[in-house]
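> I have a structure I would like to understand better, so I am pasting it below and will then ask my questions one at a time.
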Amino acid sequence: MKSLQKAIELGCEAAEFDVWLSSDNTPILSHDPSIEGRKVEETTAEELLKIALKDGDFVPSLKEYLLHIKGQNKTRLVLEVKASQKGKERCEAVADSSVQLVHKLGAQAWVDYITFNFDAAMRIRELDPTANILYLEADKSLEELKAAKISGIDYHFSHFQKDPDLVKKANALNLKTNVWTVNKEEDMKTYINMGLDYITTDEPELLLKLVGKQ
């Protein structure tokens, strides 16, 4: 929660985070499948939300993030639906629960979606025809993504290094572009000059400073 608040204070375009379902089907935030030795998908929400993090913070729920983000109109959320370790159906359940909660709280205007799982991406599109969905895995052609009504690509920087024309190709199909995770100033300048729509970084203060100079 403190990281989200800091992103808002800095004026970040968005804050990215990962969502899993607890054993009792509550959307919980965690980058890794386990937190302090507890597997998220095999632990109740009550137990997970009591796990202490740094600086007095605790493991947050998606609901907490959504309620907090609605208090302002500058920073958005980029919600990654994690590929469940329990298979396709569970992964789609993460997508279902996430989108349903976003709609229940009226937070659609604040939330974009990303995922490595194509089935989850298609499920999000089915549930919300207007959602902004970027695909993280480079196993589909740009034409396939366009045909599937995926909003754009969200690739590791290595893909943009291999194909310097990737941004132009995506733009030609009206697909949005994001690159991750770019933390060095020299690399940031490279991707800014490429004309990507978004850059994911662990160093937002540096990137914001560079963007301000453009």
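The values are calculated or read from the model by the stated rules, or taken from the named source; none is laboratory data. Note that the structure is predicted; figures quoted are calculated from it, not measured. Every residue, glycine as well, gets a Cβ built from its backbone with ideal geometry; the counts of neighbours run over all protein chains shown. We work out accessible area using only protein heavy atoms, side chains counted, and drop any ligands, DNA or RNA first. Shrake-Rupley method; radii C 1.70, N 1.55, O 1.52, S 1.80 Å.
> Hey, any hits in region 13-33 for a residue that's touching a Ser or Thr at 6+ places or on another chain (Cβ under 9 Å), within 20 Å of residue 115 (Cα to Cα) and among the aromatic types (Phe, Trp, Tyr)?
yes
> Go through region 1-21 residue by residue and tally those that are surrounded by 12 or more Cβ atoms within 10 Å (Cβ to Cβ) and either in a strand (DSSP E or B) or charged (D, E, K, R) (or both).
Here the count works out to 11.
> Let me confirm something: among 88, 140, 39, 74, which residue is more than 30 Å from residue 174 (Cα to Cα) and open to solvent by 60 Å² or more (accessible area, probe 1.4 Å)?
On inspection, the qualifying residue turns out to be 39.
> Output the residues belonging to region 189-214 that are in contact (Cβ under 8 Å) with a residue 60 or more places away in the chain and among the aromatic types (Phe, Trp, Tyr). Spell out how you get there, then give the answer.
Restricting attention to region 189-214, the residues satisfying the condition of being in contact (Cβ under 8 Å) with a residue 60 or more places away in the chain are 198, 200, 204-205, 208.
Hit for region 189-214 is 198, nothing else.
> Run residue 83 past the list (1) at pLDDT 95 or above; (2) under 16 Å from the mean Cα position of the chain (by Cα); (3) aliphatic (A, V, I, L, M) and report the number of the one that doesn't hold.
(1)
> Tell me, please, whether a residue that is in a loop (DSSP other than H, G, I, E, B), under 16 Å from residue 17 (Cβ atoms) and open to solvent by 70 Å² or more (accessible area, probe 1.4 Å) can be found in region 110-132.
yes
> Could you tell me which numbered condition residue 150 fails, if it satisfies all but one of (1) under 22 Å from residue 12 (Cα atoms); (2) of a type in the set (A, V, I, L, M); (3) not in a helix (DSSP H, G or I)?
(1)
> Of all residues in region 55-82, count the ones that are in a loop (DSSP other than H, G, I, E, B), within 26 Å of residue 198 (Cα to Cα) and of a type outside the set (S, T, N, Q).
Residues that pass the stated criteria total 5.
> Taking interchain pairs and intrachain pairs at least six residues apart, which have beta carbon atoms under 7 angstrom, with the first residue in region 83-96 and part of a helix (DSSP H, G or I) and the second of a type in the set (Phe, Trp, Tyr) and open to solvent by less than 20 Å² (accessible area, probe 1.4 Å)?
94/20
> To continue, here is another question. Restricting attention to region 182-208, and to residues there that are more than 18 Å from the chain's Cα centre (by Cα) and among the charged types (D, E, K, R), which single residue is surrounded by the fewest Cβ atoms within 10 Å (Cβ to Cβ)?
186
> With respect to residue 24, determine if the residue is open to solvent by less than 70 Å² (accessible area, probe 1.4 Å), of a type in the set (D, E, K, R) and not in a helix (DSSP H, G or I).
In short, no.
> A further question on this structure: Any idea how many residues of region 160-174 are of a type in the set (Gly, Ala, Ser) and closer than 16 Å to residue 199 by Cα?
First pass over region 160-174, keeping only residues of a type in the set (Gly, Ala, Ser): 170, 172.
If we keep only those that are closer than 16 Å to residue 199 by Cα as well, we get 170.
Of the residues in region 160-174, 1 are of a type in the set (Gly, Ala, Ser) and closer than 16 Å to residue 199 by Cα.
> Only residues that are among the charged types (D, E, K, R) and part of a strand (DSSP E or B): list them for region 27-54, please.
If the condition is that a residue be among the charged types (D, E, K, R) and part of a strand (DSSP E or B), then 38, 39 are the ones that fit.
> Something else now. If residue 105 meets every condition in (1) in contact (Cβ under 8 Å) with a residue 24 or more places away in the chain; (2) open to solvent by 40 Å² or more (accessible area, probe 1.4 Å) apart from one, which number is that one?
It fails just one condition, (2).
> OK, next. Quick test for you: out of 179, 167, 211, pick the one residue that is of a type in the set (A, V, I, L, M, F, W, C) and open to solvent by 70 Å² or more (accessible area, probe 1.4 Å). Before the answer, list the steps.
Numbers: 179 fails: open to solvent by 70 Å² or more (accessible area, probe 1.4 Å); 167 fails: open to solvent by 70 Å² or more (accessible area, probe 1.4 Å).
Residue meeting the stated conditions: 211.
> If you take the residues of region 42-59 that are without any contact (Cβ under 8 Å) to a residue 40 or more places away in the chain and of a type in the set (D, E, K, R), which of them is surrounded by the most Cβ atoms within 10 Å (Cβ to Cβ)?
Going through the qualifying residues, I end up with 47.
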